[in-house]
Amino acid sequence: MLRTCLLNGFIGLHTLVFCALALPLALFDRNGRLIHRWIAVPWAGIIVRVCGVRVDVLGRENIDAAKPRIYLTNHQSFFDIFVLLARLPVEFKFVLKQELMRIPVLGFTMRRARYIAIDRENPRKAVQSMNEAAERIKAGVSVVVFPEGTRSEDGRLQSFKRGGFLLALKSGCELVPVTIQGSSRVAPKGSLRIRPGGITMTIGEAFPLEGYNKRNVDRLMERIHKAMRLQMGEQE
């Protein structure tokens, strides 16, 4: 209990300090790259180390930082955010739900980092956000999407939402499956407890979009879903 209180207190204070550091940087950062690189990445890396978590990254050879891509990742825990920021070896923007942008202080920093918010309650605004994301990808920005839409209850891969795949078709970029295993043990859903331990992040091979369109997007979704299950060692 004491460790849980200390760690959560540290994360809260640590977040406030780094958000404060982002304020002057935001004056000079038009595209959010400076805030991502000098605020978000070290912020997450320090949290991972202080919490006693070791992250092993497999498949680094599948990264091509020069290409804008959509990185599709499973979602087991809030700790996934820290792992992706600290250890995914490419610059990216999160595509996340609008509610997170309303968090005091942190929401401002995420907006200045130019992360992309999707308003799931307003279809018109959601379409506008997806169009904005597609244009930014075409301009050379990679994004991270959680295709399950929410955290898994049991750690197993859930069914996918179409949004990330339609975004890929609209932007014409490749999809890269990324799986995170062990984060549900480190920080279980519904709990504030953070346990020390190991997490493995596996970066799969990129999937090109040739032959896929809106009419057969379900086939693309199933293909990626199967690849991610295999990366996680799940049975068919």
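Only one entry of ARG120, ARG151, ARG124 meets the criterion of being free of Cβ contacts under 8 Å to residues at least 60 places away in the same chain, farther than 21 Å from ALA206 by Cβ and part of a loop (DSSP other than H, G, I, E, B), and that entry is ARG120. Checked against (1) surrounded by fewer than 16 Cβ atoms within 10 Å (Cβ to Cβ); (2) modelled with pLDDT of 95 or more, ASN31 passes all but a single condition, namely (2).
Scanning region 138-157 for residues that are over 15 Å from the mean Cα position of the chain (by Cα) and at pLDDT 85 or above, we see that the one that is farthest from ASP64 (Cα to Cα) is ARG156. Scanning region 206-231 for residues that are charged (D, E, K, R) and under 22 Å from SER159 (Cβ atoms) turns up LYS214, ARG215, ASP218, ARG219, GLU222, ARG223, LYS226, ARG229. For region 164-176, the criterion of being touching a residue at least 12 places away in the same chain (Cβ under 8 Å), among the polar types (S, T, N, Q) and either crowded, with 22+ Cβ neighbours inside 10 Å or assigned to a helix (DSSP H, G or I) (or both) is met by at least one residue.
The values are calculated or read from the model by the stated rules, or taken from the named source; none is laboratory data. The structure presented is a predicted model; accordingly, all values stated were derived computationally and were not measured. Cβ: placed from backbone, ideal geometry, glycine included. Neighbour counts: every protein chain shown.
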